[in-house]
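Presented below is the structure to which this report refers.
The values are calculated or read from the model by the stated rules, or taken from the named source; none is laboratory data. Just so it is clear, the structure is predicted and the values come from calculations on it, not from any experiment. Here the Cβ positions follow ideal geometry from the backbone for every residue, glycine too, while neighbour counts run over all protein chains shown.
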Amino acid sequence: MAWRILTVKFFVLCLFGTLIISYFLAISSMVVSDGCNCNDPPTHSKISEGENFFEKQARNSGHKLGILVPYRDRFEELMVFIPHMQNFLKKQNIVNHIYVMNQVDSYRFNRASLINVGFELSMIDGCDYIAMHDVDLLPLNSNLSYAFPADGPVHLAAPHLHPRYHYPTFVGGILILKRKHFKQVNGMSNKYWGWGLEDDEFYVRLKEAGLNITRPQNISTGTHDTFRHMHDRLRRRRDMAKCYNQREVTRKRDRQTGLSTLQYSLESHRKISVDGGDQVSLLEVRLYCDRTVTPWCECTPIPKTSEKSTLSPRLSVISHGS
Ligand code: UDP
Ligand code: MN
């Protein structure tokens, strides 16, 4: 009897031992496996042949970039922009999502408010940094990095690289910044309807907050071949009209409006894909305009038959270059 009990015990022990050994063997074979687990994101730091600096950096970063594109009536540009950006960012291994904020109300275009809208939505999706990005400006030089900023905002479309704007305080075109910095300055002003100056006002916000703006260094290309600016000035006319007291107000730093005062409704949020690429968010945005604060959100002159208004539109247009 004792012999039988001993045999059973020995058998159970052997079975248990075999189980433990096969468990460890399975684990170790998973660790050393060379096979492609293609759906898994790369998690360890093996540097494959041909991987460049950007790939290595971004793969380990754990950050997510929201590309915020203020938009209205630029369909051809958008169809070039989306695949170009997706390919460009893929080469740098930048985890990203593109948000196209299409202004569908009938007010004048408001680039800054659309960026504020895009910021709010990208935050919900977990983006921890953003690129404010013109739809008609394509990066061509692969050394232009869209990586998470090491410090303050990174102005990619720098004055020494942008095809058109070369003044030292220019921060338009493409500006990359951390979520916390955009929040810190209360986003962009909502007072800028029509073309221009909203980016210059944002520059003052950044400076007043003590944020250090950096620009790409050691770029071997110049103003003609660092970016492609898909902008025919006759076909895509800039709305440079100034009416009411727009000129006076928009010259000054705005301490009243920004992210905290943003008012809009989101008419739709569609996901679209171009050329079989990743999905992009297409947002139909209806902005709100308080005409007692910014009557210049509409510059159309009041018809002669209507009652005399104390607020004259005083429509004027300044001429501009290429
Ligand atoms: N934009 C737009 N529709 C417009 C006006 C502007 O989509 O009617 C957007 C678009 O992303 C564009 C950006 O705002 O690239 C800046 O406007 P624009 O190209 O006129 O300015 P520029 O920098 O060329 O002076
Ligand atoms: Mn342009």
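Summary table below
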item: Residue list for the stretch 158-181, filter: within 12 Å of ligand 1 (Cβ to nearest atom), in contact with an Asp or Glu (Cβ under 8 Å, 6 or more places away or on another chain) and assigned to a loop (DSSP other than H, G, I, E, B); result: Phe170, Val171, Gly172, Gly173
item: Within the stretch 236-259, considering residues that are away from ligand 1 (no atom under 16 Å from the Cβ) and β-branched (Val, Ile, Thr), the one farthest from the chain's Cα centre (by Cα); result: Val249
item: Filter pass, Asp34 being modelled with pLDDT under 95 and acidic (Asp, Glu); result: yes
item: Pairs with Cβ under 9 Å, 6+ apart, first in the stretch 173-187 and within 16 Å of ligand 2 (Cβ to nearest atom), second basic (Lys, Arg); result: Gly173/Arg164
item: Within the stretch 189-213, considering residues that are within 12 Å of ligand 1 (Cβ to nearest atom) and not in a helix (DSSP H, G or I), the one surrounded by the most Cβ atoms within 10 Å (Cβ to Cβ); result: Tyr192
item: Some residue of the stretch 229-242 being surrounded by 13 or more Cβ atoms within 10 Å (Cβ to Cβ), more than 16 Å from ligand 2 (Cβ to nearest atom) and modelled with pLDDT of 95 or more; result: yes
item: All strands (runs of 3 or more DSSP E) inside the stretch 51-139 with 3 or more residues being within 15 Å of ligand 2 (Cβ to nearest atom), modelled with pLDDT under 95 and buried (at least 19 other Cβ atoms within 10 Å of the Cβ); result: none
item: All strands (runs of 3 or more DSSP E) inside the stretch 214-293 with 1 or more residues being touching a strand residue (DSSP E or B) at 6+ places or on another chain (Cβ under 9 Å), without any contact (Cβ under 8 Å) to a residue 60 or more places away in the chain and not aromatic (Phe, Trp, Tyr); result: 264-272
